[in-house]
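Here's the structure, in structure tokens; my notes come after.
The values are calculated or read from the model by the stated rules, or taken from the named source; none is laboratory data. All figures in this text were calculated on a predicted structure; none of them were measured in a lab. Counting neighbours? That spans all protein chains shown, and the Cβs are built from the backbone with ideal geometry, glycine included.
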Amino acid sequence: MFAYAFDWSVVLEHRHAFLLGAWLDIWVTAISFLLACVLGMAVALLRVSGVRLFRWPAFAYVQLVRGVPLLVFLYWVYFGLAVVLGVAFTGVQAAIIALTLTGSAYTAEIFRAAIGGVDRGQAEAATALGFARRSTFRHVVFPQAIRIALPPLGNTFVGLLKGATLISVIGVADMVFVAQDINLTYFTPFEPFTAVGLILIVLVAIFSLVVTGAERFLRLP
Amino acid sequence: MSADGIVRAERINKWFHRGHAKEQHVLRDIDLTVTKGETLVVIGPSGSGKSTLLRCINFLAPPETGSVTFLGETLSQESLPRFDVRARLDHERRLRHFRTKIGMVFQHFNLFPHMTALDNVAAAPIRVLGLPKVQARARALEELERVGMGAKAKAYPNQLSGGQKQRVAIARALAMRPELMLFDEATSALDPELIGGILEEMKKLAVSGMTMIVVTHEMGFAREVGDRLLFMDAGSIVEEGPARDVLAAPQNARTQEFLRAIL
Amino acid sequence: MSALLAYAFRWSVVQESFGQLEHGLRITLELSLVALVLSLALGLIVALCRMAQFAPLRLAAYAYIQVFRAVSLYIYVLWVYFGIAGATGINLSPLTAGVIALTILNSAYMAEIYRSALGAVDRGQHEAATSLGFGRVRGFTTVVLPQAIRTAVPSLVNQFVDIVKDSSIVAIIGTMDLMGVTNQLVGFYRAPFELYTLVAFFYLTIVLVISALAAGLERHLQRHLR
């Protein structure tokens, strides 16, 4: 039944290619995540602004972006948007745009919930002490909100990292691309795809430790 | 306190465990008999083991040593062979039957939030006793009316006040037609103005001849309704006797101290 | 802006594509629903194992959850469709491989949802059921599980939304779902912007409909809480 001859040497031989591919996944994810945090925070602030004119489009943005699969965004940006704008995005650029868009809907919701999760009395107390609106947010609300937001932000990062494994479909030579390449060259599908899965498990585990560490560091006594 | 006791607990011991270590000896060699129609009141400081004692009687927290005899049947976890599945299943079956005859009312009501008041009361008669639904619902309504909750039969627990919830909980226990009722600080979670009504229900029940074990901090109730009183401290029964006598003239120093502190 | 104006939109393509996209929509819905039902059941089993008294079972369930939550669907799809098939000689259709990958992955998430929902049911509920003479199984099915399901519904719905969106990934190995059909149409009409925008709205509509239905379901289930 198991006529298949396992040959892990192929994977080992190409370990550098795998690691380079994984590194590409990591930094594309990291950049997208940072951009998604900035964009998400802006959307979240619009949503809690109390100005209906801002609130509604922000809400619609989140609903719209959350309803569309990442894969559709990847194709839409890389093939569709490129044609319309007349710009030839590189695969990496398109990947970062698509991941940022997807991520921003999640971070916006996380920041909104975190800001809402800070006790109302905190802002009232700050205002009573004479803090301006901006510094109330910056010094009183935000430091508490970020502690609430950290665990779900970690989940979003992991989600984006998993999403990044899709970017080979628009030709980015990430670790999945490497695995497919090996499969097509040596006809050994099991080993490279297993290897990629294991790399992802390790990356997620390491990242979880980092987040746990950060949480402990930020935890209030 | 003779052999015709409806419940007899003998040599009950219980520990709280953390990991494999026996952390705390919660009940120490407790012996207890309650006769038919009697109302036994259990008082004592928090952590003295009162609630655990109630939970040992219906095996919600199985006693690690000793046995409980109720209506002529003796149950014990002590001699149960660990790996004999059939013996364990048989024990479980007897326990279930045992519990249908012992009603319990909890401090935090523990009503099922996803069922109406009526369904809360009817659920066990239907599912445990196997009563036809129509009959069970009729019985449930009857019990609800008895505690003055007939009008709220269709309400869900979250739509009820604490006092109303506890009335429904009493009806739920009574619908099983128990021979013994356990009250575990049934009024402790209630607003002060609602306590009286629940105590009144409990008193009615006691007067009607129900056998009851009542853990409470309400000394007025203990004096008026209790036939006998137990004072517990640190897992042991420190003093026991006719409720009026113990409350009026406690003999043990710790009982005196406790009563002085709360009265 | 000038580039935008320079592009001649061909929205007529949208109308011509509707028929084929309807086919794709059906496949997407079937794939998602089958994966949903299977992962709901498998997830509950895994959750119960995770909470079992028997330590090896608990550990196995823990490993299952950790491993399958750590890897992305795309890698599973590739692994099942190419890897497993290559290693065992069992050839799966893309659709079957997709169902398997979606089910395994999502059952791990659902197990965690069930577990936290079961854990959130007050201990007193179990005590009350036991004091009324309910046995373990009866007490679980009539008292604990119904409450846990109510707590779990919002998260389970989110999971279903993820299943629908993730199902698009199965198109990469050749299913003719919404995504697959769209890719084919793009090759034919050469109108990527119009068609990918269109399919985005298809997915968005499915997600919004699910959310609306779920909101109704939640209101129904939570009616006792107000």
Of the residues that make up region B:123-140, is at least one of a type in the set (G, A, S) and closer than 13 Å to C:A129 by Cα? yes
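With C:V157, C:V143, C:V186 as the choices, which residue is aliphatic (A, V, I, L, M), out of contact with any Gly (no Cβ under 8 Å at 6 or more places or on another chain) and under 30 Å from B:T100 (Cβ atoms)? It would help to see each step written out before you state the result.
Working: C:V157 fails: under 30 Å from B:T100 (Cβ atoms); C:V186 fails: under 30 Å from B:T100 (Cβ atoms).
Result of the check over C:V157, C:V143, C:V186: C:V143.
Which residue is farthest from B:F109 (Cα to Cα), if the candidates are limited to region C:115-129 and must be out of contact with any strand residue (DSSP E or B) (no Cβ under 9 Å at 6 or more places or on another chain) and facing chain B (nearest Cβ under 10 Å)?
Restricting attention to region C:115-129, the residues satisfying the condition of being out of contact with any strand residue (DSSP E or B) (no Cβ under 9 Å at 6 or more places or on another chain) are C:115-126, C:129.
Now restrict to residues that are facing chain B (nearest Cβ under 10 Å): C:121-126, C:129.
Numbers: C:V121: 14, C:D122: 11, C:R123: 12, C:G124: 8, C:Q125: 9, C:H126: 12, C:A129: 12 Å.
The selected residue is C:V121.
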Lone qualifier among C:T130, C:T151 - being under 30 Å from B:L182 (Cα atoms), at pLDDT below 95 and among the hydroxyl-bearing types (S, T, Y): C:T130
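Among the listed residues A:T188, A:T156, A:T165, which satisfies the condition of being touching a Ser or Thr at 6+ places or on another chain (Cβ under 8 Å), at the interface with chain C (Cβ under 8 Å from one of its Cβ atoms) and touching a residue at least 40 places away in the same chain (Cβ under 8 Å)? Give the steps one after another, and end with the answer.
Numbers: A:T188 fails: touching a Ser or Thr at 6+ places or on another chain (Cβ under 8 Å); A:T156 fails: at the interface with chain C (Cβ under 8 Å from one of its Cβ atoms).
The conditions single out A:T165.
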Could you grab me the full set of residues in region C:167-184 that are more than 8 Å from chain A (Cβ to nearest Cβ), surrounded by 23 or more Cβ atoms within 10 Å (Cβ to Cβ) and among the aliphatic types (A, V, I, L, M)? C:V170, C:L178, C:V181
Right, B:M232: over 15 Å from B:Q107 (Cβ atoms) and either touching a Gly at 6+ places or on another chain (Cβ under 6 Å) or not in a loop (DSSP other than H, G, I, E, B) (or both) or not? yes
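Conditions tested, residue by residue: (1) in contact with a Ser or Thr (Cβ under 9 Å, 6 or more places away or on another chain); (2) surrounded by fewer than 21 Cβ atoms within 10 Å (Cβ to Cβ).
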| position | (1), (2) |
| --- | --- |
| B:P192 | no, yes |
| B:G226 | yes, no |
| B:L230 | no, no |
| B:I262 | no, yes |
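Going by what's in this entry, would B:V168 be described as more than 24 Å from B:L71 (Cα to Cα), crowded, with 24+ Cβ neighbours inside 10 Å and of a type in the set (V, I, T)? Reasoning before the result, please.
Numbers: more than 24 Å from B:L71 (Cα to Cα): yes; crowded, with 24+ Cβ neighbours inside 10 Å: yes; of a type in the set (V, I, T): yes.
It is true that B:V168 is more than 24 Å from B:L71 (Cα to Cα), crowded, with 24+ Cβ neighbours inside 10 Å and of a type in the set (V, I, T).
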Return the pairs, sorted by first residue and then second, in which the second residue is loosely packed, with under 13 Cβ neighbours inside 10 Å, the first residue lies in region B:70-93 and is aliphatic (A, V, I, L, M), the beta carbons are less than 7 Å apart, and the residues are 6+ apart or on different chains. B:A87/B:P81
In region B:217-236, is there at least one residue being among the β-branched types (V, I, T) and either more than 20 Å from B:I6 (Cβ to Cβ) or within 14 Å of another protein chain (Cβ to nearest Cβ) (or both)? no
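From the list A:L81, A:L64, A:L71, A:L101, which residue is touching a Phe, Trp or Tyr at 6+ places or on another chain (Cβ under 6 Å), in a helix (DSSP H, G or I), of a type outside the set (F, W, Y) and closer than 30 Å to C:A171 by Cβ?
Numbers: A:L81 fails: touching a Phe, Trp or Tyr at 6+ places or on another chain (Cβ under 6 Å); A:L64 fails: touching a Phe, Trp or Tyr at 6+ places or on another chain (Cβ under 6 Å); A:L71 fails: touching a Phe, Trp or Tyr at 6+ places or on another chain (Cβ under 6 Å).
That would be A:L101, the only listed residue that is touching a Phe, Trp or Tyr at 6+ places or on another chain (Cβ under 6 Å), in a helix (DSSP H, G or I), of a type outside the set (F, W, Y) and closer than 30 Å to C:A171 by Cβ.
Specify which of the listed residues (C:F188, C:F140, C:F201) is within 9 Å of chain A (Cβ to nearest Cβ), aromatic (F, W, Y) and more than 20 Å from C:L33 (Cβ to Cβ).
Details: C:F188 fails: within 9 Å of chain A (Cβ to nearest Cβ); C:F140 fails: within 9 Å of chain A (Cβ to nearest Cβ).
Just a single option satisfies the conditions, and that option is C:F201.
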Please count how many residues of region C:35-74 are over 18 Å from C:S116 (Cα atoms) and β-branched (V, I, T). 3
Scan region B:186-202 and give yes if some residue there is in contact with an Asp or Glu (Cβ under 7 Å, 6 or more places away or on another chain), within 13 Å of chain C (Cβ to nearest Cβ) and not hydroxyl-bearing (S, T, Y), otherwise no. no
Out of C:V46, C:V37, sole residue that is more than 14 Å from chain A (Cβ to nearest Cβ) and free of Cβ contacts under 8 Å to residues at least 12 places away in the same chain: C:V37
Write out, first by first residue and then by second, each pair whose Cβ atoms fall under 6 Å of each other, whose residues are 6+ apart or on separate chains, and whose first residue, in region B:144-159, is closer than 12 Å to C:R223 by Cα and free of Cβ contacts under 8 Å to residues at least 12 places away in the same chain while the second is surrounded by 15 or more Cβ atoms within 10 Å (Cβ to Cβ) and of a type in the set (S, T, Y). none
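So which helices (runs of 4 or more DSSP H) stay within region C:63-166 end to end and still have 2 or more residues that are crowded, with 19+ Cβ neighbours inside 10 Å and in contact (Cβ under 8 Å) with a residue 60 or more places away in the chain?
Working: elements: C:73-78, C:85-88, C:94-120, C:123-131, C:136-139, C:145-166.
In region C:63-166, C:73-78, C:94-120, C:145-166 are the helices (runs of 4 or more DSSP H) which contain 2 or more residues that are crowded, with 19+ Cβ neighbours inside 10 Å and in contact (Cβ under 8 Å) with a residue 60 or more places away in the chain.
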Residues of region B:141-161 satisfying the condition of being within 14 Å of chain C (Cβ to nearest Cβ) and more than 30 Å from B:G72 (Cα to Cα): B:K152, B:A153, B:K154, B:A155, B:Y156, B:P157, B:N158, B:Q159, B:L160
Enumeration of residues in region B:163-211 that are under 19 Å from B:D227 (Cβ atoms) and among the small types (G, A, S): B:A186, B:A206, B:S208, B:G209
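State whether the residues of region B:128-138 include one that is crowded, with 19+ Cβ neighbours inside 10 Å, at pLDDT 90 or above and over 20 Å from the mean Cα position of the chain (by Cα). Quick ask: steps written out before the conclusion?
Quick first cut of region B:128-138, residues crowded, with 19+ Cβ neighbours inside 10 Å only: B:128, B:136.
Next, from what is left, pick out any that are at pLDDT 90 or above: B:136.
Filter once more, keeping what is over 20 Å from the mean Cα position of the chain (by Cα): B:136.
Yes, the conditions are met somewhere in region B:128-138.
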Write out, first by first residue and then by second, each pair whose Cβ atoms fall under 6 Å of each other, whose residues are 6+ apart or on separate chains, and whose first residue, in region B:103-123, is at the interface with chain C (Cβ under 9 Å from one of its Cβ atoms) and surrounded by fewer than 23 Cβ atoms within 10 Å (Cβ to Cβ) while the second is assigned to a loop (DSSP other than H, G, I, E, B) and not charged (D, E, K, R). B:Q107/B:S188; B:Q107/B:A189; B:H108/B:A189; B:T116/B:Y156
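So, B:V85, is that one more than 10 Å from every other protein chain (Cβ to nearest Cβ) and crowded, with 21+ Cβ neighbours inside 10 Å or not? If you could, list the steps in order and put the result at the bottom.
Values: more than 10 Å from every other protein chain (Cβ to nearest Cβ): yes; crowded, with 21+ Cβ neighbours inside 10 Å: no.
For B:V85, the condition - more than 10 Å from every other protein chain (Cβ to nearest Cβ) and crowded, with 21+ Cβ neighbours inside 10 Å - is not met.
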Keeping to region B:16-62, report how many residues are touching a Ser or Thr at 6+ places or on another chain (Cβ under 8 Å) and within 14 Å of another protein chain (Cβ to nearest Cβ). 3
Sole miss for B:K203 among (1) surrounded by fewer than 16 Cβ atoms within 10 Å (Cβ to Cβ); (2) touching a residue at least 40 places away in the same chain (Cβ under 8 Å); (3) within 15 Å of the chain's Cα centre (by Cα) is condition (2)
